[in-house]
Each structure stands twice: as C-alpha cells, then as structure tokens.
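Nothing in this text is a laboratory measurement; each read-out follows from the coordinates by a stated rule. Model, not experiment: these values are computed from the prediction. Using ideal geometry, Cβ is built from the backbone for each residue, glycine included, and neighbour counts are taken over all protein chains shown.
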Amino acid sequence: MKKAVMALALTIAFPVFAQTAVKVNGDPIPMAELKKVQSLLKNKGLQEKQAEETALNILITEKVIGQEAWRQRVAQSPSMQRELTEQRTKLYRRGIIEKYLQKNPVTPEEVQQTYEQMKGQYNPTEIKVRHIWVKTEKEAEDLLRRIENGEDMAELAEKYSLDEVTAKNGGVIPFANTAKFTLTNFASEAMKLKKGEIRKQPFKSEVGYHVMKLEDSREVPFPELAQIKSEVESQAAYAKARDYILGLYRKAKVVGVGVPIERKSTPPQK
C-alpha cells in the first residue's frame, strides 16, 4: 500500500517539476513562460536554438531585476507606480489599437482621402540658400560690406560661419522645402529675395545673425499616390486609431468633482 502511495506521489510530482524551466534564487520560471517567449522570438526570425537561449536570458534577467526591485521596495515608490501605470497604459493602447485595426482595416477610400489631405497641405516650394551665421550684428554688417567690396561670400562663409556643416560648402544650405527650415522666418525672408540676391541687412534669428543669399528656388510637385502609398496608409491608420481612442475617451461616463463638462480634445498621449 505504501509503495502504491509513493508511486502515485511520484506521478503527481513529476509533471509539476517538469513544468519549471529553471529557478532563479529559488523562484521558478515556468516552462510554459519560456516556450511563450521563445515562440515570440521565433516569429521575429530567430532560429530554434537562438530563440531558446535568448528567451531564457530575457526571463532570468527579468527575474533577477524583479527580485532586487522587490528587495529594495522600488515598486512601492509613488513615482515608480505612476510610471508603471503609464507604461502599462501605453501597452494597452497599442494592443487595443492593433485589434481594432485588424477588425477595421484602412479602406482604399480612406487611403485616397488621406492622400488628398496630405496633398492639400503640401508646400511645393524648395529653396537653396547661402548664409553666414555669426553671433553679433556688427560681425554680420562687416561681412556684408566685405562682400559688397568684392570678397567672395563662399570663402567668407568657410572662414567665419558658425554653421560648421554648411561652412564646408561655402555656406550653402542645399535645396529644402521651406516648411523644413527650423529658424523662425528664415525661409520666408529668403523667399523675398530674387535669385542671386543678397539680403541688404543681416537677418536676426534665435541663434544670432545671418548674411543671407538666395541661390535658387524651385517647385516640386507632390508625389503620386503609388510612390508614397505605404506612407499614406500608415498616416491613414494613425488617423483611424486616433479617432477610435478619442471616441472611447468622449463616450466614457465620467462623474466627480472637477470633471470638465465637455471633453472634446484628444486625450493625453501617454
């Protein structure tokens, strides 16, 4: 009878032991968890052996860090709890959006609509500008006088411009869409000039003063849909996901002190 009981105990205990992949400081990592991570890595292209080793390293690292965080009571810090909540919300947001777009994929009509919107917002103007960036107005005025007296602007840019990138090319900023210029009003002031004209006064920006010359300008048509279809599809999917999340936010029944009467703006992008 004792032998039968012992045999039964072994048959019960063996599967439990087999379900543990490894133990880290006494804490088990279930085999099922290892297989799950391994499967995810294989789906990303890793081979069987590499996926198994990587999965095990990931889970051991997570266990070690988790144990030490628990020992130091890191998770009980209010700031850490807040950050964990925000990270969890990001993952939840991504997950519900993925499921929503699987059930409600972007349609050809939505792609076309997004393309037309992008096209309507597109600025076709590109400019090529030569400039010399200096710190003071006096420096810029002195450079302007030297250029008026016949000195070469490109050589002066190479010698005096604080813009190390363009100074190597004589101060030339290659053709770029006017919307891409980050300095306030830099592009709009350059566009007031005629081709080959130098601005008579230094241009003041957030970083200093610029001697400015419009080298050239051109109009670049918006690409055909076929050329940028993947970009347009991504933009359409983003807009659809944004509207879906905003819809959830607006439909939520929220009561309590300090709650806005109307919540029409987009919820915080955490």
* Using modelled backbone amide H atoms (1.01 Å from N, in-plane), which distant-in-sequence or interchain residues come within less than 5 Å of residue 215's amide H? -> 128, 129, 130, 196
* To do: Multiply the residue gap between residue 191 and residue 65 by 0.36 nm, knock off their C-alpha separation, and tell me the result in nm, one decimal place.
  => 39.7 nm
* Asked: Given 20 °C and 1.002 mPa s, how large is the Stokes-Einstein diffusion coefficient of the stretch 25-114 in µm²/s, with Rh as the Kirkwood radius over Cα pairs?
  -> 130
* Compute the acute angle (0 to 90°) between the alpha-carbon long axis of helix 2-18 and the principal axis of greatest extent of the alpha-carbon atoms of the chain; round to the nearest 10°. => 0
* Measuring from label point to label point, each 7 Å out along Cα→Cβ, what is the residue 50 to residue 228 span in nm? -> 3.6
* First obtain the Kirkwood hydrodynamic radius of the chain from its Cα pairs, then insert it into the Stokes-Einstein equation at 20 °C and 1.002 mPa s, and state the resulting D in µm² per second as a whole number. => 82
* **23 Å Cα-Cα threshold exceeded, pairs from 99/251; 49/90; 159/200; 135/168** => 49/90
* Asked: Of 41, 91, 193, which is the most mobile in a GNM of the chain whose springs link Cα atoms less than 10 angstrom apart?
  -> 41
* To do: Give the Cα extents of the stretch 51-209 along the principal axes, in whole Å, largest first.
  => 73, 50, 35
* Structure fact -> Candidate cut points under trypsin sites (Lys or Arg not before Pro) in the stretch 65-157, DSSP loop plus at most 11 other Cβ atoms within 10 Å of their own Cβ, are 73, 135
